[in-house]
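Derivation of every value follows stated rules applied to the coordinates shown; laboratory data play no part. Keep in mind that what you see is a predicted model, and the values were worked out from it rather than measured. Cβ atoms come from the backbone with ideal geometry, glycine included; neighbour counts cover every protein chain shown.
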Amino acid sequence: MKPRSVTVVVNDASESATLSVVDSLIALAEAITECRRCERLVEWREKIAEEKRAAYAEDEYWGRGVPGFGDPEAKVVIVGLAPAAHGANRTGRVFTGDRSGDFLFASLHRTGFANQPLARHVDDGLALHDAYVTAAVRCAPPANKPTPEERDNCRPYIEKELALLTESKVFVALGQFGYQVASSILGIRPRPKFGHGLVVPIEQQSDAIGRHVVCSFHPSQQNTFTGRLTEPMLDQVFITARELAGMDPI
């Protein structure tokens, strides 16, 4: 597959964000899109991009690693699992173009983090304020299940991303996989058992700003179609995140 030109998706909603942070996020995004470290994931993402789903037969699939997206001065960082095969692997923007993303961004819109409820493609006008969305693994995995080695290969990217998002105060973990990765990076030991709505303080000696991890069930169709995760449940997670980040109520 002939690669498209790199599209870096960094929302500059906060004009006061330093140019050095934005430049570093752009450089990181370029590294993610060019990464071919995991042979299995590269083969799968490109196979999906070539074969396509019938509904998207006319679309040009991204078929590469997917960088994070949002406000460089975000107070709330959302950590998902990995791109969906016909979602972000098609559109090139995290949680964009699938029903999980529809559920997520609708909630972010209702809770004051997004300017619109839908995420269809990279030029749809979506902008986030005080929020940034990323994933533990950057390429779409077969059966949505990355291996431990693939998770570890991707870890330097999310470590760098979280280090650059210096205004972050709350990390919303979507699902147990994202919770495990975020907890490992943020030094949460021992790690409390995952549960929807769980709030975990980050008690590092160097952490003087009262940061927290907030857990949520992943907005997968398996969870949303069965009612395991409802709109009010996800909204409450982001309302809690706003409160813990010291933001104004909606």
Cα-based helix-to-principal-axis angle, 231-244 vs the chain, degrees rounded to 10: 50
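Peptides 94-103, 180-189: what's the order by average Cβ count within 10 Å, highest mean first? Provide the component values of the computation, followed by the final result.
Numbers: 94-103: 23.0, 180-189: 17.8.
Highest-to-lowest ranking by the protection proxy: 94-103, 180-189.
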Cα lying deepest toward the dipole's positive end in the stretch 19-244, options F105, A131, N223, charges on Cβ: N223
On Cα atoms only, tilt of 39-51 relative to the major axis of the chain in degrees: 60
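DSSP loop (so not H, G, I, E, B), at most 13 other Cβ within 10 Å: list which trypsin sites (Lys or Arg not before Pro) in the stretch 48-97 pass both filters.
On the way: sites: K52, R53, R64, K75, R90, R93; in loops: K52, R53, R64, K75, R93.
Passing both the DSSP loop test and the Cβ count: R53.
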Cα gyration tensor shape for the stretch 139-250, rounded if a/c is under 1.5, else prolate or oblate: oblate
Relative contact order for the stretch 81-122, counting Cα pairs under 8 Å that sit 6 or more residues apart, in percent: 34
Nearest 10 degrees, 0 to 90: helix 19-34 Cα axis against the chain principal axis: 40
Given charges at beta-carbon only (K, R positive; D, E negative), |dipole| of the chain in Debye: 840
Alpha carbon centroid spacing (whole Å) that separates the stretch 190-250 from the stretch 160-174: 13
Among P201, P142, P117, residue whose mean-square fluctuation peaks in a GNM of the chain (springs only between Cα atoms under 10 Å): P201
Whether the chain is rounded, prolate or oblate, judged on the alpha carbon gyration tensor where a/c under 1.5 counts as rounded: rounded
